[in-house]
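Here is the structure we will look at, set down as structure tokens.
The values are calculated or read from the model by the stated rules, or taken from the named source; none is laboratory data. For clarity, every value in this text was computed on a predicted model and none was experimentally measured. Neighbour counts run over all protein chains shown; Cβ positions are idealised from the backbone, glycine included.
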Amino acid sequence: MRRQFDALGRRTPWLDRLGDGSRFKLVLNDWLAVLVEGMAETVSLTSALGLDSDLLLATLTGSPLGSAYATAKGRAMVERDFAPGFPLHHAGKDAALALAAADHRGL
């Protein structure tokens, strides 16, 4: 079974308990939201300071500081391409679920 999943993706994490896959997906979706929000703030700050956003993205691309996802989103922001890649209401739902899960665990 693992071989079939490995053929579909780059890496397949195997989790121990029932429900861990859903919880892990929530964690990864939270991470994506943090990356996009952080990139939006950084692109805005770069512009407000009169710096070149293209230089920022070139510096981040391929470096330990930049993820491919975040730099792709940053490129779209700089180019003012706001075509949705993921419905905002789904991101809001995921953020609410993450907050509820954190609250449930006392975080």
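Would you mind telling me which numbered condition in (1) among the β-branched types (Val, Ile, Thr); (2) within 17 Å of the chain's Cα centre (by Cα); (3) modelled with pLDDT under 95 Thr12 fails?
For Thr12, the exception is condition (2).
So which of Ala76, Ala102, Ala70, Ala95 is small (Gly, Ala, Ser) and touching a residue at least 60 places away in the same chain (Cβ under 8 Å)?
None of the other options fit; the residue is Ala95.
Look at the stretch 70-107 and say how many of its residues are in contact with a helix residue (DSSP H, G or I) (Cβ under 7 Å, 6 or more places away or on another chain) and more than 20 Å from Ser47 (Cβ to Cβ).
Adding up the residues that qualify gives 6.
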